[in-house]
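See below for the structure under consideration.
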Amino acid sequence: MLVSGTLADGLAVYTTTGTFSGTASTVRNHSFTIAATDAALATNIATYTLAVPAGKPGAPVIGTATTGDGEADVAFTAPASNGGSAITSYTVTSI
C-alpha cells in the first residue's frame with residue numbers, strides 16, 4: 001500500500017498483487033513510501049525515489065542554407081516537442 005508521497009503520473013499500484021504498472025509521464029523525481037504486510041501480519045516499510053528523466057527532443061525542421069566565405073547560414077524551426085527539458089543548444093556538422 002502507498003503510505004506517503006505520490007507516484008508519477010501514469011503509474012498505478014495494485015495492492016492485491018503488490019505490483020506497479022504504467023508508464024511514468026511527469027519528468028522529475030518522485031518520492032514515495034510503501035508498506036507490505038504478509039500473511040503472518042509482518043510489515044515492511046520502504047521509501048523509494050523514482051527518477052523520470054527528460055526524453056529526447058524532436059528533430060528541428062531544416063530550411064534553407066546559404067553559404068559564404070568559409071561560413072554558412074542555416075535556417076531551421078525548433079521541434080514541437082522538447083522532450084520535457086529545455087533545448088539549450090544545437091550543433092551543426094558539415095560532411
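The values are calculated or read from the model by the stated rules, or taken from the named source; none is laboratory data. All of these numbers come straight from a predicted model, not from anything done at the bench. Cβ placement follows ideal geometry from the backbone for every residue including glycine, while neighbour counts extend to all protein chains displayed.
Data table
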read-out: So T64, is it part of a strand (DSSP E or B), under 16 Å from V27 (Cα atoms) and either of a type in the set (S, T, N, Q) or out of contact with any His (no Cβ under 9 Å at 6 or more places or on another chain) (or both); value: no
read-out: Residues (closer than 24 Å to I87 by Cα, without any contact (Cβ under 8 Å) to a residue 40 or more places away in the chain, touching a strand residue (DSSP E or B) at 6+ places or on another chain (Cβ under 8 Å) and not β-branched (V, I, T)) located in region 40-63; value: A51, P60, G63
read-out: Yes/no for I95 being among the aliphatic types (A, V, I, L, M), over 23 Å from the mean Cα position of the chain (by Cα) and modelled with pLDDT of 85 or more; value: no
read-out: Residues within region 69-95 that are on the phi > 0 side of the Ramachandran plot, without any contact (Cβ under 8 Å) to a residue 24 or more places away in the chain and in contact with a Pro (Cβ under 7 Å, 6 or more places away or on another chain), tallied; value: 0
read-out: Among (1) surrounded by fewer than 10 Cβ atoms within 10 Å (Cβ to Cβ); (2) within 29 Å of the chain's Cα centre (by Cα); (3) under 29 Å from T91 (Cα atoms) - the single one T49 does not satisfy; value: (3)
read-out: In region 69-93, residue surrounded by the fewest Cβ atoms within 10 Å (Cβ to Cβ) [restricted to those that are part of a loop (DSSP other than H, G, I, E, B) and of a type in the set (D, E, K, R)]; value: D69
read-out: Selected residue [free of Cβ contacts under 8 Å to residues at least 40 places away in the same chain, loosely packed, with under 10 Cβ neighbours inside 10 Å and out of contact with any Cys (no Cβ under 8 Å at 6 or more places or on another chain)] from T66, T37; value: T66
read-out: Extreme residue, surrounded by the fewest Cβ atoms within 10 Å (Cβ to Cβ), among residues of region 7-34 that are over 25 Å from N82 (Cα atoms) and touching a residue at least 24 places away in the same chain (Cβ under 8 Å); value: T33
read-out: Any hit, region 72-82, residues being under 23 Å from the mean Cα position of the chain (by Cα) and hydroxyl-bearing (S, T, Y); value: yes
read-out: Given (1) loosely packed, with under 11 Cβ neighbours inside 10 Å; (2) in a loop (DSSP other than H, G, I, E, B), index of the condition K56 fails; value: (1)
